[in-house]
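J.: Encoded as structure tokens, here's the structure I'll be asking about.
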Amino acid sequence: MSAIESLEQLIDHAMQVQAQGDVAGAICILDKVIEVYPDHRMARTQRGRLRLKTGDFAAGATDFEYFYRGQLPSQKGIFANPDGSLKRLDGQHIIIASDAGLGDLVQFVRYGVLMKSLGAKVTVECGPAFHALCRNSVWIDQSLPQQDLGFDFASLGFAHRVPLHNLFAAFGTTLDTIPAYPSYLRASSKKIRLRRDGAIDGKARIGISWRSANESASVWKQGRSIDLPLLAEAFDPTRQQLVCLQKEISVDEQAFIRRHGGIVLPAPPLEDLDDTAAVMATLDLVVSTCTVTPHLSGALGIPTLLLLSRNACWRWMTEGTGSPWYPSLTLLRQDQFGDWTPVVESLRRLLACVN
């Protein structure tokens, strides 16, 4: 076994330790790796995520710079004065560049609202699923297709191009200064009118999402999904109408939905985030695991119950029922990795008051 393979296995072990809930132990392992290999990109970025998970944004931002080390100049603090106050950005054209999944894009694009308030003109560089949603937000001046890392933005008159995961560092964000807007995205009014069809008078309308599309893509994304039949046990179909927000549905899940009889599939099917946002705007509540769904409902300001694995992503921190990013979210956490039964029981008790 070569040295680099052994090192990668040690880093993976650290992440498995944090997946079981021992974040401090995982950081300790990565500290020792970094003592010997101070510029190791994977060790640094993973420790950065863990530091963010504990709320240490300053140290997390320092580590996370290694994600782009050697590819981008440091962007840490470019929008902050030495005393921590934010700089005016009057007339500057700034690109927010998507560098991760849709959930990350929805979470971090909020910084465009902050940029706009400081006088900037905001461009969002993103994939096609987000473009229609951009057109509904007055603080977004334009959207562009995603570009590669070497995109020559300066020649087009842009002052800065900041990847999503550099934004909190660029603004010197701390846990206390997260721009936690009650809402900052909105759906098309026309689409909302079209999506109101099918509501049942007297029943609470609740959107549900239960499975991540990339469940096993990384250690952070393992164990986030719940079986649909188990989730459905928490609801009372005599008082609550369930609306499916899940885009990809397996054959077994389709069969369960037909047998259940109380779960509505949106028609026409959801094509992009603007479609999903429009459906969400007709709901009383969203219930979801850690997918793009709670990011979008949180960005729209819709009350949301988020079911979290013991291996929760860094953005949800390690404890508490509230989110520093989304005021409308309530977090329901696993006590033991892989055991959703107590979470469903807590959900059932909360839903007993929803009708």
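J.: Debye calculation, C-alpha points only, no solvent: report log10 I(q)/I(0) for the chain at q = 0.09, 0.14 Å⁻¹, in the same order as the q values.
T.: -0.53, -1.22
J.: While we're here: Between SER225, SER155, SER117, find the one with the highest GNM mean-square fluctuation for the chain; connect C-alpha pairs within less than 10 Å.
T.: The residue with the greatest mean-square fluctuation here is SER155.
J.: Here is a follow-up. Mean separation of Cα pairs under 8 Å and 6+ residues apart, divided by the residue count of the chain: what relative contact order is that in percent?
T.: Dividing the mean separation by the residue count of the chain yields 18 percent.
J.: OK, next. Between THR341 and SER6, what is the FRET efficiency for a Förster distance of 45 Å, r being their Cβ-Cβ separation, to the nearest 0.05? Don't jump to the answer; show the numbers that get you there.
T.: Numbers: r = 38 Å, r/R0 = 0.84.
About 0.75, to the nearest 0.05.
J.: Does anyone have the angle between helix 3-19 and the longest principal axis of the chain? Alpha-carbon axes, 0 to 90°, nearest 10?
T.: 40
J.: If you don't mind, there's one more thing I want to ask. Expressed as an acute angle from 0 to 90° and rounded to the nearest 10, what is the orientation of the C-alpha long axis of helix 341-351 relative to the principal long axis of the chain?
T.: For helix 341-351, the angle is close to 70 degrees.
J.: Shifting gears a bit: Taking region 191-288, which GluC sites (Glu not before Pro) meet the DSSP loop condition and have no more than 10 other C-beta atoms within 10 Å?
T.: Counting only loop positions with at most 10 other Cβ atoms within 10 Å, the GluC sites (Glu not before Pro) in region 191-288 are GLU248.
J.: Out of all Cα-Cα pairs in region 251-355, roughly what percent, to the nearest whole number, are more than 22 Å apart?
T.: Details: 2038 of 5460 pairs.
Roughly 37 percent, once rounded to a whole number.
J.: If you don't mind, another one. For the chain, what number of Lys pairs, 8 or more residues apart or on separate chains, have alpha-carbon atoms under 16 Å from each other?
T.: Value for the chain: 4.
J.: Which of rounded, prolate or oblate describes region 1-158 when judged by the alpha-carbon gyration tensor and an a/c cut-off of 1.5?
T.: Because a/c hits 1.5 or more and a/b exceeds b/c, region 1-158 counts as prolate.
J.: Something else now. What FRET efficiency comes out for the pair LYS190/ALA58, r = Cβ-Cβ distance, R0 = 56 Å, nearest 0.05?
T.: Details: r = 44 Å, r/R0 = 0.79.
The computed FRET efficiency comes out at 0.80.
J.: Oh, and also: Positive end of the dipole of region 54-94, charges at C-beta (+1 Lys, Arg; -1 Asp, Glu), about the Cα centre: which of GLN71, ILE94, PHE57 has its Cα farthest in that direction?
T.: ILE94
J.: A further question on this structure: Quick one: helix 23-36 against the long Cα principal axis of the chain, what's the angle to the nearest 10°, folded into 0 to 90?
T.: That helix lies at roughly 30 degrees to the long axis.
J.: Nearest-5 percent of antiparallel DSSP beta bridges in the chain?
T.: 5
Read the figures in this text as sums done on the coordinates, not as results from a lab. Bear in mind the structure is a predicted one, so any value in this text is a computation, not a measurement. Backbone-built Cβ (ideal geometry, glycine too); neighbour counts: all protein chains shown.
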